[in-house]
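The values are calculated or read from the model by the stated rules, or taken from the named source; none is laboratory data. Everything numeric in this text was worked out from a predicted model, so none of it was measured. Virtual Cβ from ideal backbone geometry, glycine too; neighbours counted across all protein chains shown. All accessible areas refer to the heavy atoms of the entire protein, side chains included, with ligands and DNA or RNA removed. Shrake-Rupley method; radii C 1.70, N 1.55, O 1.52, S 1.80 Å.
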Amino acid sequence: MTDSPVYDTLIVGGGPAGLAAALHLAFHQRSVLVLDRGSGPLGYTTTPLWNVPGFVGVRGVALLKQLRAEAHTAGATLTKGNALRVSGELGDFRIETETVTYRARTLLLATGVARHHPRVGGHHAPWLAYAAKGNTYYCPDCEAPEIQGQHVLVIGVDAPDSAAGVALTLSEFAQSVTVLLTGEAGLSESAADRLRERGIPVQMGEIAALEGRRGHLDALTLEDGSRLAPDAFFVVGPKLPRHELAMQLGLELSAKGHIQTGWRGQTNVAGVWAAGDVQPQTQQVSVALGSGNMAAVMIDQTLTRLGLRSPAAQLSAVTPPPSASPRLSSMSL
Ligand SMILES: Cc1cc2nc3c(=O)[nH]c(=O)nc-3n(C[C@H](O)[C@H](O)[C@H](O)COP(=O)(O)OP(=O)(O)OC[C@H]3O[C@@H](n4cnc5c(N)ncnc54)[C@H](O)[C@@H]3O)c2cc1C
């Protein structure tokens, strides 16, 4: 097990929240490490994002690449790794991966949420070739207008009533909406009534096979042999906050498992902040960016108040020179 230098801040999660925080902290000459395992949604979203101010039309993967490059150029260190264990207190936290123990004075958890993908023949893997690549969508608040005038299949993965709610929202834009419920649970009576009133049909069944190519899904076949070939597919499933590290630290969680914070991301444990989707807040890129920034401002102010700053020698060991270009190929994330 290798030990790292002591960073001012260690950020777990290299999505928009973590990277916005890293940019601010690095710009303020804090030594900051972003640890990310590469399982965030934007890393596989090749469809354009239309509601991110300043970036309208950018693809998720390109946005992530740019945010990483900006944080890196400002001086943040970006490392690929899975944070497994956390311990310590303000001034001396430790995060362990399989091979390295990272040390830091403060922590920011920006670990996002985990989404359920549809199962095909009982497995999630076949769906991943299509997830957020072409005509499959996940986020009605971000993407609903994209299916204007289309025939849409809403696939409920273990979340029947949520699927019904999304179907009703999408019916404002789509030419037609059908709901497919996978998993064992059925609709509540009230959800079933609302779908019936809008004339939205509901089917139950498990997906047996997919047809499509290069990220575009043409059709799916159910186990009973029926074939569904809409224009677009909307996936609705539980979104589970990634709170394992928070639990190890004894952070307060909401009823749905998000990390409870004050409005600038401070948690109930001194020296630990949270930002982005892992907080109980609207799950949007711009919100994640903003909350990462707010937490970073507070972390920087807290370190200043406590008189904690990495000595220059240590900073130079973890910070690239100002002229460093954002060559992603040279980064480990
Ligand atoms: C398909 C899809 C399309 C979307 N489209 C839009 C859109 O058009 N507009 C919009 O505003 N929003 C959109 N969203 C929502 C948006 O992507 C999220 O709100 C945003 O990414 C949240 O940022 P975050 O930094 O909080 O978390 P995430 O982006 O989820 O990043 C969290 C990171 O933490 C890492 N991580 C978690 N646990 C660990 C650990 N233990 N160790 C190391 N790393 C860890 C993960 O690898 C991940 O990279 C979309 C979401 C999806 C799924």
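Filtered by the rule that a residue be within 10 Å of the ligand (Cβ to nearest atom) and part of a loop (DSSP other than H, G, I, E, B), the stretch 229-257 gives ARG242, HIS243.
Please specify each residue of the stretch 258-283 satisfying the condition of being β-branched (Val, Ile, Thr) and either over 19 Å from ASP141 (Cα atoms) or not in a loop (DSSP other than H, G, I, E, B) (or both).
Of the residues in the stretch 258-283, the ones β-branched (Val, Ile, Thr) are 259, 261, 267, 269, 272, 278, 282.
Answer for the stretch 258-283, where residues must be β-branched (Val, Ile, Thr) and either over 19 Å from ASP141 (Cα atoms) or not in a loop (DSSP other than H, G, I, E, B) (or both): ILE259, THR261, THR267, VAL269, VAL272, VAL278.
Looking only at the stretch 137-148, residues that are open to solvent by 40 Å² or more (accessible area, probe 1.4 Å) and away from the ligand (no atom under 12 Å from the Cβ) come to 1 in all.
On the given criteria, is LEU78 of a type outside the set (Val, Ile, Thr), part of a strand (DSSP E or B), closer than 22 Å to GLN248 by Cα and in contact (Cβ under 8 Å) with a residue 24 or more places away in the chain? Break it down into steps so the answer makes sense when it comes.
On the way: of a type outside the set (Val, Ile, Thr): yes; part of a strand (DSSP E or B): yes; closer than 22 Å to GLN248 by Cα: no; in contact (Cβ under 8 Å) with a residue 24 or more places away in the chain: yes.
Judged against the criteria, LEU78 is not a match.
The sole residue among ALA229, ALA246 that is in contact with a strand residue (DSSP E or B) (Cβ under 6 Å, 6 or more places away or on another chain) and over 29 Å from SER87 (Cβ atoms) is ALA229.
Restricting the stretch 2-49 to residues that are more than 6 Å from the ligand (Cβ to nearest atom) and either among the aromatic types (Phe, Trp, Tyr) or on the phi > 0 side of the Ramachandran plot (or both) leaves a set whose member that is most open to solvent (accessible area, probe 1.4 Å) is PHE27. Of the residues making up the stretch 58-91, those that are more than 17 Å from GLY15 (Cβ to Cβ), within 10 Å of the ligand (Cβ to nearest atom) and surrounded by fewer than 17 Cβ atoms within 10 Å (Cβ to Cβ) are LEU84, ARG85. When GLY134, GLY165, GLY156, GLY215 are screened for being away from the ligand (no atom under 14 Å from the Cβ), surrounded by fewer than 20 Cβ atoms within 10 Å (Cβ to Cβ) and not assigned by TED's automatic domain parsing to the domain that holds GLY57, only GLY165 passes.
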